[in-house]
Structures are given as structure tokens and as C-alpha cells.
Amino acid sequence: MIRDFCALLVAAGGVGTFPARRPQRGGLPALVYHRISGLPDYTLKGPSGLMRSRMQVDCIATRYATAQALADALDAALNGARVVQGDTHFQGVFIDGRRDLFDPASGSDAASRTHAVSIDFTFFHRSLP
């Protein structure tokens, strides 16, 4: 599922996409994703095969406007999406939160400063047979 979600991010964002942390020489703008949770769905008869997951995606850039534009592109491409990607059927992707971030330790000069917009996506998915 994570590999397939990453493929959705690459298609929507068109920039470097990294798990957990951007490499020091990873280039900007970039997306960094983290799995927050993943829970199976149950019915009264047991597991339904459906999963509910939450992923955090940080849109990072040297300019605030670029980070916002990248977040807007993800919003437009993924919010409300129902799509099959790889081995995963995403049955609904929804934005669950959006925050602006700034890294004060990123540098005092404009070339090394980074801004980010963090988006939480909640989605329902199941693996394809």
C-alpha cells in the first residue's frame, strides 16, 4: 500500500518523493511522507478486508508559495479520489488536516531556508487479489 500511495504522490506532485525524511541533497521542492496509522476494518463476522490508513505528506520548498502550490496540486489530484494503483484499490482518499510549517533551523539565507505545508490524508483501501 505504501509503495502504491507513493506512486500516487509522484504522479500528482511531479517532484522527488521520500519516506520519513528528505536526504540532505534530496533537492527541492520535495514531498516527504510518513504513515501515521493503519487499522483493519471489521464487521460482526470478522475482518472485512478493508483498511483505514492515515498518511502525513509534507510539501517542502524554499519558497512558501511553492510549498502551497504543491499542496494544492496534491489536494486537486487526491482529495476524494477512488482509484486503483498497483496492487491497491483506494476506495476513498480524503484530506484530514492541513498545516503550514517553517523550519527556523534551516538557515538564515533565503537559499537554504525551507517552508512546508503538511497534509494528512485518510483513506480506505484494500489489496487486490
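Using all C-alpha to C-alpha distances in the chain, build P(r) with 10 Å bins and read off the rounded percent in each one. Spelled out bin by bin, the chain gives 13, 43, 28, 12, 4, 1 percent. Using Cβ point charges alone (K and R +1, D and E -1), the dipole size of the stretch 1-124 about the Cα centre works out to roughly 220 debye. Spatially, the stretch 46-63 and the stretch 66-92 are offset by 10 Å when compared through their Cα centroids. Taking trypsin sites (Lys or Arg not before Pro) across the stretch 9-89, the ones in a DSSP loop with at most 15 further Cβ atoms lying within 10 angstrom of their Cβ are Arg21, Arg25, Lys45, Arg63, Arg82. Under 5 Å between amide hydrogens, built in the peptide plane, is the criterion, and for Ile36 it picks out Arg54, Met55, Gln56 among residues at least 5 positions away or on other chains. For the chain, the relative contact order works out to 25 percent when only alpha carbon pairs closer than 8 Å and six or more residues apart are counted. Mean residue ellipticity at 222 nm from the helices of the chain, using -39,500 (n - 2.57) per DSSP H segment of n ≥ 4 over the full residue count, to the nearest 500 deg cm²/dmol? Rounded to the nearest 500, it is -6500 deg cm²/dmol.
Throughout, read-outs are computed from the coordinates displayed, never taken from laboratory work. What you are looking at is a predicted structure, and each value in this text was computed from that prediction instead of being measured. In this analysis, Cβ positions are derived from the backbone assuming ideal geometry, glycine residues included, and neighbour counts consider all displayed protein chains.
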